[in-house]
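The values are calculated or read from the model by the stated rules, or taken from the named source; none is laboratory data. The model shown is predicted, which means the values in this text are computed figures rather than measured ones. Backbone-built Cβ (ideal geometry, glycine too); neighbour counts: all protein chains shown.
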Amino acid sequence: MESARILIADDDKKTRDFVAAFLSYKGYQVFQAGDGQDALEKIELNDVQMVITDIMMPRINGLEFIKKLKAMRPEIVTIAYSAFANYEMTANLLKAGAFFFLEKPFNLEELETHVKRGLEHQTLQRQSFKAKPCIKNRSLLNHIIGESEKMLSLFEMIEKVAGSDSTVLIQGESGTGKELVAKAIHDLSNRATKNFVPVNCAAIPDDLLESELFGHVKGSFTGAVATRIGRFEMADRGTLFLDEIGDMKPNLQVKLLRVLQNKELEPVGAARTKKVDVRIIAATNQNLEHLVASKIFREDLYYRLSVIPIMLPPLRERKSDVPLLINNFLEKFNKNKQRKVQSFDKSTMDILCNYDWPGNVRELENLVERMVIIKGSGTILFNDLPEKYRGIKSAGKSEQLTLPDSGFCLNSAVEDFENRLILQALEKTGGNKKEAANLLNLKRTTLIEKLKKKKLLFNDASFSSS
Ligand SMILES: Nc1ncnc2c1ncn2[C@@H]1O[C@H](COP(=O)(O)OP(=O)(O)OP(=O)(O)O)[C@@H](O)[C@H]1O
Ligand SMILES: [Mg+2]
(Lines give C-alpha, C1' and ligand atoms only; values in the text may rest on other atoms or scores of the structure.)
(Ligands and ions follow the chains in the order given, each with its own letter.)
Protein backbone atom coordinates (compact mmCIF):
# COMPACT_ATOMS: atom_id res chain seq x y z
CA MET A 1 0.00 0.00 0.00
CA GLU A 2 1.29 3.45 -0.85
CA SER A 3 2.35 5.43 2.19
CA ALA A 4 0.16 8.31 3.33
CA ARG A 5 0.87 11.83 2.07
CA ILE A 6 1.19 14.36 4.87
CA LEU A 7 1.73 18.12 4.72
CA ILE A 8 3.31 20.04 7.59
CA ALA A 9 2.50 23.74 7.90
CA ASP A 10 4.64 25.81 10.25
CA ASP A 11 6.45 29.12 9.84
CA ASP A 12 9.19 27.87 12.14
CA LYS A 13 11.46 26.01 9.78
CA LYS A 14 13.33 24.21 12.55
CA THR A 15 10.18 22.57 13.97
CA ARG A 16 8.91 21.83 10.49
CA ASP A 17 12.13 20.12 9.41
CA PHE A 18 12.25 18.19 12.63
CA VAL A 19 8.70 16.82 12.31
CA ALA A 20 9.16 16.22 8.57
CA ALA A 21 12.38 14.26 9.11
CA PHE A 22 10.71 12.07 11.73
CA LEU A 23 7.64 11.29 9.61
CA SER A 24 9.76 10.60 6.49
CA TYR A 25 11.82 8.23 8.58
CA LYS A 26 8.59 6.49 9.57
CA GLY A 27 7.80 6.00 5.91
CA TYR A 28 5.29 8.77 5.16
CA GLN A 29 5.54 11.06 2.13
CA VAL A 30 6.02 14.50 3.60
CA PHE A 31 5.46 17.98 2.14
CA GLN A 32 6.13 21.32 3.81
CA ALA A 33 4.50 24.75 3.83
CA GLY A 34 5.59 27.97 5.58
CA ASP A 35 2.07 29.21 6.44
CA GLY A 36 -1.64 28.56 5.89
CA GLN A 37 -1.80 30.23 2.49
CA ASP A 38 1.20 28.31 1.20
CA ALA A 39 -0.35 25.11 2.63
CA LEU A 40 -3.66 25.61 0.81
CA GLU A 41 -1.81 25.87 -2.49
CA LYS A 42 0.41 22.84 -1.85
CA ILE A 43 -2.48 20.64 -0.74
CA GLU A 44 -4.05 20.89 -4.15
CA LEU A 45 -0.78 20.21 -5.93
CA ASN A 46 0.25 17.21 -3.88
CA ASP A 47 -3.04 15.48 -3.12
CA VAL A 48 -2.34 15.07 0.60
CA GLN A 49 -4.45 13.01 3.00
CA MET A 50 -3.38 14.64 6.23
CA VAL A 51 -2.26 18.05 7.42
CA ILE A 52 -0.28 18.78 10.56
CA THR A 53 -0.33 22.46 11.34
CA ASP A 54 0.95 25.02 13.79
CA ILE A 55 -1.61 27.57 15.00
CA MET A 56 0.37 30.81 15.21
CA MET A 57 1.38 31.53 11.62
CA PRO A 58 1.54 34.65 9.46
CA ARG A 59 -0.98 35.44 6.67
CA ILE A 60 -3.59 32.79 7.52
CA ASN A 61 -3.38 31.44 11.06
CA GLY A 62 -3.97 27.78 11.87
CA LEU A 63 -7.63 28.11 12.83
CA GLU A 64 -8.59 30.06 9.72
CA PHE A 65 -6.55 27.64 7.66
CA ILE A 66 -8.40 24.61 9.07
CA LYS A 67 -11.78 26.27 8.43
CA LYS A 68 -10.84 26.94 4.81
CA LEU A 69 -9.39 23.49 4.38
CA LYS A 70 -12.50 21.80 5.80
CA ALA A 71 -14.74 23.81 3.47
CA MET A 72 -12.58 22.85 0.51
CA ARG A 73 -11.54 19.27 1.32
CA PRO A 74 -13.47 17.96 4.33
CA GLU A 75 -11.95 14.50 4.06
CA ILE A 76 -8.42 15.68 4.86
CA VAL A 77 -7.54 14.86 8.47
CA THR A 78 -5.98 17.71 10.41
CA ILE A 79 -3.80 17.65 13.50
CA ALA A 80 -3.02 21.04 15.05
CA TYR A 81 -0.37 21.99 17.58
CA SER A 82 0.56 25.09 19.54
CA ALA A 83 2.50 26.18 22.59
CA PHE A 84 -0.39 28.45 23.56
CA ALA A 85 -3.14 26.01 24.35
CA ASN A 86 -6.28 26.96 26.16
CA TYR A 87 -9.83 25.70 26.49
CA GLU A 88 -11.28 28.12 23.98
CA MET A 89 -8.69 27.38 21.34
CA THR A 90 -9.12 23.62 21.69
CA ALA A 91 -12.91 23.90 21.49
CA ASN A 92 -12.70 26.18 18.43
CA LEU A 93 -10.29 23.88 16.67
CA LEU A 94 -12.46 20.82 17.24
CA LYS A 95 -15.51 22.74 16.13
CA ALA A 96 -13.70 23.77 12.97
CA GLY A 97 -13.07 20.09 12.26
CA ALA A 98 -9.54 19.49 13.53
CA PHE A 99 -9.00 15.86 14.34
CA PHE A 100 -6.61 16.37 17.24
CA PHE A 101 -4.89 19.15 19.11
CA LEU A 102 -1.41 18.70 20.56
CA GLU A 103 0.17 20.99 23.06
CA LYS A 104 3.78 21.97 22.34
CA PRO A 105 6.28 20.66 23.23
CA PHE A 106 5.06 17.22 22.21
CA ASN A 107 6.84 13.99 21.87
CA LEU A 108 7.25 12.59 18.37
CA GLU A 109 6.01 9.13 19.31
CA GLU A 110 2.84 10.77 20.60
CA LEU A 111 2.47 12.60 17.31
CA GLU A 112 2.83 9.35 15.41
CA THR A 113 0.08 7.72 17.48
CA HIS A 114 -2.30 10.50 16.48
CA VAL A 115 -1.18 10.35 12.85
CA LYS A 116 -2.01 6.64 12.75
CA ARG A 117 -5.30 7.14 14.51
CA GLY A 118 -6.24 10.00 12.19
CA LEU A 119 -5.51 7.94 9.10
CA GLU A 120 -7.49 5.03 10.50
CA HIS A 121 -10.41 7.37 11.22
CA GLN A 122 -10.23 8.58 7.62
CA THR A 123 -10.29 5.01 6.29
CA LEU A 124 -13.29 4.15 8.48
CA GLN A 125 -15.11 7.23 7.27
CA ARG A 126 -14.35 6.46 3.67
CA GLN A 127 -15.57 2.89 4.09
CA SER A 128 -18.80 4.05 5.72
CA PHE A 129 -19.66 6.30 2.86
CA LYS A 130 -18.64 3.70 0.32
CA ALA A 131 -20.77 1.01 1.94
CA LYS A 132 -23.79 0.24 -0.16
CA PRO A 133 -26.48 2.73 0.71
CA CYS A 134 -29.18 0.79 2.45
CA ILE A 135 -32.21 1.63 0.41
CA LYS A 136 -33.93 -1.30 1.99
CA ASN A 137 -37.08 0.59 2.38
CA ARG A 138 -37.26 4.30 2.66
CA SER A 139 -40.67 4.00 4.20
CA LEU A 140 -38.82 2.94 7.34
CA LEU A 141 -38.00 6.61 7.67
CA ASN A 142 -41.59 7.77 7.24
CA HIS A 143 -42.16 8.31 10.91
CA ILE A 144 -39.34 10.85 11.05
CA ILE A 145 -41.26 13.86 9.91
CA GLY A 146 -39.77 16.70 7.95
CA GLU A 147 -39.32 17.95 4.43
CA SER A 148 -37.07 20.94 5.05
CA GLU A 149 -33.68 20.87 3.40
CA LYS A 150 -31.98 20.01 6.68
CA MET A 151 -34.23 16.99 7.14
CA LEU A 152 -33.81 15.82 3.57
CA SER A 153 -30.04 15.80 3.97
CA LEU A 154 -30.49 13.99 7.26
CA PHE A 155 -32.51 11.24 5.53
CA GLU A 156 -29.82 10.93 2.91
CA MET A 157 -27.16 10.67 5.59
CA ILE A 158 -29.12 8.00 7.48
CA GLU A 159 -29.45 5.91 4.34
CA LYS A 160 -25.78 6.33 3.49
CA VAL A 161 -24.42 5.30 6.86
CA ALA A 162 -26.94 2.65 7.85
CA GLY A 163 -25.29 0.07 5.61
CA SER A 164 -21.88 0.45 7.20
CA ASP A 165 -20.93 -0.79 10.62
CA SER A 166 -19.30 2.46 11.63
CA THR A 167 -19.85 4.13 14.93
CA VAL A 168 -22.23 7.06 14.77
CA LEU A 169 -22.33 10.03 17.12
CA ILE A 170 -25.65 11.89 17.10
CA GLN A 171 -25.61 15.35 18.61
CA GLY A 172 -28.54 17.67 19.04
CA GLU A 173 -30.60 19.54 21.57
CA SER A 174 -33.09 17.76 23.75
CA GLY A 175 -36.19 16.62 21.88
CA THR A 176 -34.71 16.86 18.37
CA GLY A 177 -35.17 13.16 17.67
CA LYS A 178 -31.79 11.60 18.47
CA GLU A 179 -33.25 8.31 19.64
CA LEU A 180 -35.62 8.22 16.69
CA VAL A 181 -32.69 8.63 14.29
CA ALA A 182 -30.58 6.02 16.09
CA LYS A 183 -33.40 3.49 15.80
CA ALA A 184 -33.91 4.35 12.13
CA ILE A 185 -30.22 3.70 11.39
CA HIS A 186 -30.56 0.32 13.07
CA ASP A 187 -33.79 -0.52 11.24
CA LEU A 188 -32.23 0.29 7.89
CA SER A 189 -29.03 -1.62 8.63
CA ASN A 190 -28.11 -5.24 8.09
CA ARG A 191 -28.45 -5.69 11.83
CA ALA A 192 -32.16 -4.88 11.76
CA THR A 193 -33.24 -8.39 12.65
CA LYS A 194 -31.11 -8.33 15.81
CA ASN A 195 -31.57 -6.23 18.95
CA PHE A 196 -31.50 -2.47 19.24
CA VAL A 197 -30.50 -1.98 22.87
CA PRO A 198 -30.69 1.51 24.36
CA VAL A 199 -28.76 2.50 27.49
CA ASN A 200 -29.21 5.88 29.10
CA CYS A 201 -25.80 6.57 30.61
CA ALA A 202 -27.18 9.47 32.66
CA ALA A 203 -30.03 7.50 34.21
CA ILE A 204 -28.02 4.59 35.59
CA PRO A 205 -26.00 5.25 38.79
CA ASP A 206 -22.25 5.42 38.07
CA ASP A 207 -21.38 2.39 40.17
CA LEU A 208 -23.92 0.22 38.33
CA LEU A 209 -23.29 1.36 34.79
CA GLU A 210 -20.24 -0.82 34.27
CA SER A 211 -22.08 -4.01 35.18
CA GLU A 212 -25.12 -2.85 33.24
CA LEU A 213 -22.99 -2.47 30.14
CA PHE A 214 -20.59 -5.37 30.47
CA GLY A 215 -22.46 -7.74 32.78
CA HIS A 216 -21.08 -9.33 35.94
CA VAL A 217 -20.38 -12.71 37.46
CA LYS A 218 -22.14 -13.94 40.55
CA GLY A 219 -20.60 -12.61 43.77
CA SER A 220 -18.44 -10.00 42.06
CA PHE A 221 -19.93 -7.26 44.25
CA THR A 222 -22.54 -6.98 46.99
CA GLY A 223 -25.86 -7.53 45.34
CA ALA A 224 -24.50 -9.57 42.44
CA VAL A 225 -26.55 -12.61 43.44
CA ALA A 226 -26.47 -14.14 40.00
CA THR A 227 -24.36 -13.90 36.88
CA ARG A 228 -25.89 -11.45 34.42
CA ILE A 229 -25.08 -10.50 30.89
CA GLY A 230 -24.73 -6.84 30.08
CA ARG A 231 -26.33 -4.69 27.42
CA PHE A 232 -23.33 -5.15 25.14
CA GLU A 233 -24.03 -8.85 24.96
CA MET A 234 -27.76 -8.26 24.57
CA ALA A 235 -26.89 -6.17 21.55
CA ASP A 236 -24.58 -8.81 20.06
CA ARG A 237 -24.85 -8.68 16.26
CA GLY A 238 -27.24 -5.76 16.72
CA THR A 239 -26.90 -2.13 17.79
CA LEU A 240 -26.13 -0.62 21.17
CA PHE A 241 -27.48 2.90 21.63
CA LEU A 242 -25.42 4.76 24.22
CA ASP A 243 -27.62 7.71 25.06
CA GLU A 244 -26.35 10.73 27.04
CA ILE A 245 -22.78 9.57 26.47
CA GLY A 246 -21.48 12.95 27.70
CA ASP A 247 -22.45 11.88 31.22
CA MET A 248 -20.24 8.82 31.27
CA LYS A 249 -17.57 9.00 33.97
CA PRO A 250 -13.85 8.91 32.98
CA ASN A 251 -13.11 5.45 34.40
CA LEU A 252 -15.87 3.93 32.32
CA GLN A 253 -14.87 5.94 29.27
CA VAL A 254 -11.52 4.11 29.36
CA LYS A 255 -13.26 0.74 29.53
CA LEU A 256 -15.63 1.61 26.71
CA LEU A 257 -12.70 2.73 24.58
CA ARG A 258 -11.05 -0.63 25.17
CA VAL A 259 -14.16 -2.49 24.02
CA LEU A 260 -14.38 -0.35 20.91
CA GLN A 261 -10.74 -0.97 20.09
CA ASN A 262 -10.54 -4.67 20.87
CA LYS A 263 -14.15 -5.72 20.26
CA GLU A 264 -14.07 -7.71 23.45
CA LEU A 265 -15.27 -6.97 26.94
CA GLU A 266 -14.65 -8.08 30.46
CA PRO A 267 -17.71 -8.65 32.65
CA VAL A 268 -17.28 -7.30 36.20
CA GLY A 269 -15.47 -9.93 38.25
CA ALA A 270 -14.81 -12.23 35.28
CA ALA A 271 -11.43 -13.76 34.63
CA ARG A 272 -11.84 -13.89 30.85
CA THR A 273 -12.81 -11.50 28.13
CA LYS A 274 -15.70 -12.11 25.73
CA LYS A 275 -15.92 -11.25 22.05
CA VAL A 276 -18.78 -9.06 20.94
CA ASP A 277 -19.97 -7.83 17.59
CA VAL A 278 -21.88 -4.65 18.30
CA ARG A 279 -22.48 -1.51 16.35
CA ILE A 280 -22.39 1.57 18.56
CA ILE A 281 -24.56 4.60 18.10
CA ALA A 282 -23.95 7.24 20.75
CA ALA A 283 -25.94 10.39 21.41
CA THR A 284 -25.71 13.47 23.55
CA ASN A 285 -27.40 16.83 23.93
CA GLN A 286 -24.25 18.28 25.45
CA ASN A 287 -21.57 19.93 23.40
CA LEU A 288 -19.08 17.08 23.31
CA GLU A 289 -16.33 19.25 21.78
CA HIS A 290 -16.55 21.49 24.84
CA LEU A 291 -16.43 18.49 27.15
CA VAL A 292 -13.31 17.30 25.33
CA ALA A 293 -11.71 20.74 25.53
CA SER A 294 -12.38 20.90 29.25
CA LYS A 295 -10.99 17.37 29.60
CA ILE A 296 -14.25 15.94 30.98
CA PHE A 297 -14.62 13.65 27.99
CA ARG A 298 -11.69 11.67 26.59
CA GLU A 299 -10.48 12.94 23.27
CA ASP A 300 -9.53 9.45 22.02
CA LEU A 301 -13.01 8.11 22.82
CA TYR A 302 -14.58 11.10 21.12
CA TYR A 303 -12.76 10.24 17.87
CA ARG A 304 -13.68 6.59 18.16
CA LEU A 305 -17.33 7.50 18.52
CA SER A 306 -17.53 10.27 15.98
CA VAL A 307 -16.53 8.31 12.91
CA ILE A 308 -19.87 9.43 11.50
CA PRO A 309 -21.00 12.59 13.25
CA ILE A 310 -24.66 13.53 12.77
CA MET A 311 -25.92 16.89 13.97
CA LEU A 312 -29.68 17.16 14.38
CA PRO A 313 -31.10 20.61 13.68
CA PRO A 314 -33.17 22.29 16.38
CA LEU A 315 -36.78 22.85 15.35
CA ARG A 316 -36.30 26.64 15.26
CA GLU A 317 -33.90 26.10 12.35
CA ARG A 318 -36.50 24.21 10.34
CA LYS A 319 -39.69 26.04 11.18
CA SER A 320 -41.12 25.22 7.77
CA ASP A 321 -41.66 21.69 9.13
CA VAL A 322 -43.91 22.84 11.98
CA PRO A 323 -47.27 22.58 10.11
CA LEU A 324 -46.38 19.11 8.83
CA LEU A 325 -45.43 17.97 12.32
CA ILE A 326 -48.59 19.46 13.81
CA ASN A 327 -50.81 17.73 11.29
CA ASN A 328 -49.08 14.39 11.78
CA PHE A 329 -49.34 14.62 15.54
CA LEU A 330 -52.96 15.72 15.24
CA GLU A 331 -53.75 12.62 13.25
CA LYS A 332 -51.83 10.39 15.62
CA PHE A 333 -53.46 11.71 18.81
CA ASN A 334 -56.95 11.86 17.32
CA LYS A 335 -56.55 8.18 16.62
CA ASN A 336 -54.89 7.21 19.91
CA LYS A 337 -57.17 9.27 22.11
CA GLN A 338 -60.31 8.81 20.06
CA ARG A 339 -60.84 12.50 19.53
CA LYS A 340 -61.94 14.47 16.50
CA VAL A 341 -59.98 17.68 16.40
CA GLN A 342 -59.95 18.87 12.80
CA SER A 343 -57.22 21.46 12.67
CA PHE A 344 -55.45 24.42 14.16
CA ASP A 345 -56.83 27.64 12.68
CA LYS A 346 -54.50 29.62 10.46
CA SER A 347 -53.56 32.34 12.94
CA THR A 348 -52.83 29.76 15.64
CA MET A 349 -50.72 27.81 13.18
CA ASP A 350 -48.84 31.03 12.29
CA ILE A 351 -48.09 31.68 15.93
CA LEU A 352 -46.75 28.18 16.41
CA CYS A 353 -44.64 28.51 13.27
CA ASN A 354 -43.04 31.62 14.70
CA TYR A 355 -42.39 30.15 18.12
CA ASP A 356 -38.81 29.16 19.03
CA TRP A 357 -39.51 25.68 20.43
CA PRO A 358 -36.81 25.36 23.09
CA GLY A 359 -38.05 21.81 23.76
CA ASN A 360 -37.99 21.02 20.03
CA VAL A 361 -40.21 18.32 18.52
CA ARG A 362 -40.97 16.78 21.91
CA GLU A 363 -42.45 20.09 23.10
CA LEU A 364 -44.53 20.41 19.96
CA GLU A 365 -45.73 16.82 20.23
CA ASN A 366 -46.73 17.35 23.86
CA LEU A 367 -48.58 20.53 23.00
CA VAL A 368 -50.60 18.86 20.26
CA GLU A 369 -51.43 15.95 22.54
CA ARG A 370 -52.62 18.31 25.25
CA MET A 371 -54.70 20.36 22.81
CA VAL A 372 -56.32 17.25 21.33
CA ILE A 373 -57.28 15.94 24.75
CA ILE A 374 -58.60 19.24 26.07
CA LYS A 375 -60.42 20.40 22.96
CA GLY A 376 -61.72 17.02 21.85
CA SER A 377 -63.22 18.21 18.55
CA GLY A 378 -63.48 21.18 16.18
CA THR A 379 -60.71 23.66 15.50
CA ILE A 380 -58.00 24.80 17.90
CA LEU A 381 -58.11 28.58 18.23
CA PHE A 382 -55.68 31.14 19.57
CA ASN A 383 -57.37 31.28 22.97
CA ASP A 384 -57.08 27.50 23.37
CA LEU A 385 -53.29 27.72 23.43
CA PRO A 386 -51.50 27.75 26.77
CA GLU A 387 -50.42 31.28 27.75
CA LYS A 388 -46.79 30.96 26.80
CA TYR A 389 -47.61 30.38 23.15
CA ARG A 390 -50.06 33.24 22.87
CA GLY A 391 -47.96 35.83 21.16
CA ILE A 392 -45.91 37.20 24.02
CA LYS A 393 -42.46 35.85 23.48
CA SER A 394 -40.45 34.39 26.32
CA ALA A 395 -39.17 36.76 28.99
CA GLY A 396 -35.79 38.26 28.33
CA LYS A 397 -36.34 38.73 24.63
CA SER A 398 -38.03 41.81 23.25
CA GLU A 399 -41.67 41.25 24.05
CA GLN A 400 -43.53 41.35 20.82
CA LEU A 401 -47.20 40.70 20.38
CA THR A 402 -48.36 39.17 17.14
CA LEU A 403 -51.98 39.98 16.48
CA PRO A 404 -53.63 36.94 14.93
CA ASP A 405 -56.31 37.19 12.25
CA SER A 406 -58.98 35.89 14.58
CA GLY A 407 -59.59 34.49 18.02
CA PHE A 408 -57.76 37.24 19.89
CA CYS A 409 -59.09 38.70 23.13
CA LEU A 410 -57.48 41.94 24.27
CA ASN A 411 -58.71 41.69 27.85
CA SER A 412 -57.35 38.23 28.42
CA ALA A 413 -54.01 39.13 26.78
CA VAL A 414 -53.65 42.19 29.03
CA GLU A 415 -54.66 40.15 32.05
CA ASP A 416 -52.15 37.47 31.11
CA PHE A 417 -49.41 40.09 30.71
CA GLU A 418 -50.21 41.58 34.12
CA ASN A 419 -50.23 38.17 35.81
CA ARG A 420 -46.85 37.29 34.44
CA LEU A 421 -45.24 40.53 35.59
CA ILE A 422 -46.71 40.08 39.05
CA LEU A 423 -45.47 36.52 39.25
CA GLN A 424 -42.03 37.59 38.06
CA ALA A 425 -41.87 40.31 40.70
CA LEU A 426 -42.81 37.79 43.38
CA GLU A 427 -40.23 35.34 42.11
CA LYS A 428 -37.52 38.00 42.06
CA THR A 429 -38.23 39.04 45.61
CA GLY A 430 -38.59 35.52 46.95
CA GLY A 431 -42.30 36.09 47.57
CA ASN A 432 -41.89 39.31 49.56
CA LYS A 433 -45.01 41.26 48.67
CA LYS A 434 -43.75 44.61 49.90
CA GLU A 435 -40.64 44.41 47.74
CA ALA A 436 -42.61 42.99 44.82
CA ALA A 437 -45.07 45.90 45.10
CA ASN A 438 -42.13 48.34 45.09
CA LEU A 439 -40.77 46.72 41.93
CA LEU A 440 -44.15 47.14 40.25
CA ASN A 441 -44.62 50.64 41.62
CA LEU A 442 -47.81 49.58 43.42
CA LYS A 443 -48.96 49.90 47.00
CA ARG A 444 -48.58 46.67 48.95
CA THR A 445 -52.32 46.58 49.62
CA THR A 446 -53.09 47.07 45.92
CA LEU A 447 -50.86 44.14 45.05
CA ILE A 448 -52.56 41.96 47.66
CA GLU A 449 -55.98 42.95 46.32
CA LYS A 450 -54.90 42.01 42.81
CA LEU A 451 -53.49 38.71 43.99
CA LYS A 452 -56.74 37.85 45.70
CA LYS A 453 -58.83 38.86 42.74
CA LYS A 454 -56.70 36.93 40.36
CA LYS A 455 -56.53 33.96 42.68
CA LEU A 456 -52.79 34.20 42.50
CA LEU A 457 -52.32 33.79 46.25
CA PHE A 458 -50.57 30.51 46.69
CA ASN A 459 -50.43 28.20 49.63
CA ASP A 460 -46.74 28.07 48.89
CA ALA A 461 -45.03 29.53 51.97
CA SER A 462 -42.58 31.49 49.90
CA PHE A 463 -45.36 33.62 48.43
CA SER A 464 -47.68 33.87 51.40
CA SER A 465 -45.40 35.60 53.93
CA SER A 466 -44.81 39.34 54.39
N1 LIG B 1 -38.66 14.43 13.05
C2 LIG B 1 -39.53 13.91 13.92
N3 LIG B 1 -40.70 13.42 13.47
C4 LIG B 1 -41.61 12.91 14.31
N5 LIG B 1 -41.44 12.83 15.62
C6 LIG B 1 -40.30 13.29 16.14
C7 LIG B 1 -39.28 13.85 15.31
N8 LIG B 1 -38.26 14.21 16.09
C9 LIG B 1 -38.60 13.89 17.34
N10 LIG B 1 -39.84 13.33 17.38
C11 LIG B 1 -40.58 12.89 18.58
O12 LIG B 1 -40.19 13.76 19.63
C13 LIG B 1 -39.96 13.03 20.83
C14 LIG B 1 -38.51 13.20 21.24
O15 LIG B 1 -37.68 12.49 20.35
P16 LIG B 1 -36.38 11.73 20.85
O17 LIG B 1 -36.62 11.05 22.15
O18 LIG B 1 -35.83 10.93 19.75
O19 LIG B 1 -35.47 13.02 21.12
P20 LIG B 1 -34.03 13.14 21.76
O21 LIG B 1 -33.25 14.03 20.88
O22 LIG B 1 -33.50 11.77 22.03
O23 LIG B 1 -34.34 13.91 23.12
P24 LIG B 1 -33.50 13.91 24.51
O25 LIG B 1 -32.20 14.61 24.26
O26 LIG B 1 -34.35 14.71 25.42
O27 LIG B 1 -33.34 12.49 24.91
C28 LIG B 1 -40.32 11.58 20.53
O29 LIG B 1 -41.64 11.33 20.93
C30 LIG B 1 -40.17 11.49 19.03
O31 LIG B 1 -41.03 10.52 18.49
MG1 LIG C 1 -33.02 10.86 23.85
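Only one residue in E179, E210, E147 is acidic (D, E), closer than 20 Å to V361 by Cα and away from ligand 2 (no atom under 16 Å from the Cβ), so which one is that?
Matching residue, one of E179, E210, E147: E147.
Criterion first (more than 16 Å from ligand 1 (Cβ to nearest atom), among the small types (G, A, S), in contact (Cβ under 8 Å) with a residue 24 or more places away in the chain and surrounded by fewer than 19 Cβ atoms within 10 Å (Cβ to Cβ)) does A226 satisfy it?
For A226, the condition - more than 16 Å from ligand 1 (Cβ to nearest atom), among the small types (G, A, S), in contact (Cβ under 8 Å) with a residue 24 or more places away in the chain and surrounded by fewer than 19 Cβ atoms within 10 Å (Cβ to Cβ) - is not met.
If I filter the range 1-41 down to residues being outside any helix (DSSP H, G or I) and among the aliphatic types (A, V, I, L, M), which single residue comes out as nearest to K67 (Cα to Cα)?
Of everything passing the filter in the range 1-41, A9 is nearest to K67 (Cα to Cα).
Restricting to the range 143-176, and then to whatever is under 30 Å from C353 (Cβ atoms) and in contact with a Leu (Cβ under 6 Å, 6 or more places away or on another chain), can you tell me which residue is farthest from ligand 1 (Cβ to nearest atom)?
F155
If you go through the range 282-294 one residue at a time, do you hit one that is surrounded by fewer than 16 Cβ atoms within 10 Å (Cβ to Cβ) and among the charged types (D, E, K, R)?
Scanning the range 282-294 turns up no residue that is surrounded by fewer than 16 Cβ atoms within 10 Å (Cβ to Cβ) and among the charged types (D, E, K, R).
Looking at the range 73-122, which of its residues are without any contact (Cβ under 8 Å) to a residue 12 or more places away in the chain and either under 29 Å from D165 (Cα atoms) or surrounded by 14 or more Cβ atoms within 10 Å (Cβ to Cβ) (or both)?
Matches in the range 73-122: E110, T113, K116, E120.
So which helices (runs of 4 or more DSSP H) stay within the range 381-455 end to end and still have 1 or more residues that are touching an Asp or Glu at 6+ places or on another chain (Cβ under 7 Å), modelled with pLDDT of 75 or more and on the phi > 0 side of the Ramachandran plot?
It comes to none.
Has the range 77-95 got at least one residue that is modelled with pLDDT of 85 or more, acidic (D, E) and not assigned by TED's automatic domain parsing to the domain that holds Q261?
No, because not a single residue in the range 77-95 is modelled with pLDDT of 85 or more, acidic (D, E) and not assigned by TED's automatic domain parsing to the domain that holds Q261.
Considering every residue within the range 234-254, establish whether at least one is in contact (Cβ under 8 Å) with a residue 60 or more places away in the chain, surrounded by fewer than 19 Cβ atoms within 10 Å (Cβ to Cβ) and out of contact with any Pro (no Cβ under 7 Å at 6 or more places or on another chain).
Within the range 234-254 (the criterion being in contact (Cβ under 8 Å) with a residue 60 or more places away in the chain, surrounded by fewer than 19 Cβ atoms within 10 Å (Cβ to Cβ) and out of contact with any Pro (no Cβ under 7 Å at 6 or more places or on another chain)), the answer is no, since none of the residues qualifies.
Taking the condition of being of a type in the set (K, R), more than 20 Å from D11 (Cα to Cα) and part of a helix (DSSP H, G or I), how many residues in the range 57-77 meet it?
1
State all residues of the range 192-209 that are more than 26 Å from L252 (Cα to Cα) and in contact (Cβ under 8 Å) with a residue 40 or more places away in the chain; if no residue qualifies, say none.
Residue satisfying the conditions is A192 alone.
From (1) within 11 Å of ligand 1 (Cβ to nearest atom); (2) at pLDDT below 90; (3) on the phi > 0 side of the Ramachandran plot, pick out the condition that doesn't hold for G219.
(1)
Testing V322 on (1) within 15 Å of ligand 1 (Cβ to nearest atom); (2) buried (at least 21 other Cβ atoms within 10 Å of the Cβ); (3) β-branched (V, I, T); (4) closer than 29 Å to S128 by Cα, one condition comes back false. Which one is that?
Only one criterion is unmet by V322, namely (4).
Checking the structure you have, find out if any residue of the range 328-336 is away from ligand 1 (no atom under 15 Å from the Cβ), surrounded by fewer than 21 Cβ atoms within 10 Å (Cβ to Cβ), farther than 21 Å from A91 by Cβ and touching a residue at least 12 places away in the same chain (Cβ under 8 Å).
Yes, that holds for at least one residue.
Given (1) surrounded by fewer than 21 Cβ atoms within 10 Å (Cβ to Cβ); (2) in contact with a Ser or Thr (Cβ under 8 Å, 6 or more places away or on another chain), where does K67 come up short, assuming only one miss?
(2)
From (1) modelled with pLDDT under 95; (2) in contact with a Pro (Cβ under 9 Å, 6 or more places away or on another chain), pick out the condition that doesn't hold for N287.
(2)
Note down all Cβ pairs under 8 Å where the first residue falls in the range 152-178 and is in contact (Cβ under 8 Å) with a residue 40 or more places away in the chain, the second is within 16 Å of ligand 2 (Cβ to nearest atom) and of a type in the set (K, R), and they're at least six residues apart or on different chains.
Final answer for the pair search is I170/K178; Q171/K178; G172/K178; S174/R362; G175/R362.
Restricted to the range 169-182, and to residues that are farther than 18 Å from R316 by Cβ and in contact with a helix residue (DSSP H, G or I) (Cβ under 6 Å, 6 or more places away or on another chain), which residue is surrounded by the fewest Cβ atoms within 10 Å (Cβ to Cβ)?
Among residues in the range 169-182 that are farther than 18 Å from R316 by Cβ and in contact with a helix residue (DSSP H, G or I) (Cβ under 6 Å, 6 or more places away or on another chain), the one surrounded by the fewest Cβ atoms within 10 Å (Cβ to Cβ) is L169.
Scan the range 42-56 residue by residue and report those that are in a helix (DSSP H, G or I) and in contact with a strand residue (DSSP E or B) (Cβ under 7 Å, 6 or more places away or on another chain).
Hits for the range 42-56 are K42, I43, N46.
Against the condition at pLDDT 90 or above and away from ligand 2 (no atom under 16 Å from the Cβ), how does G246 come out, does it pass?
Taking the combined requirement at face value, the residue does not satisfy it.
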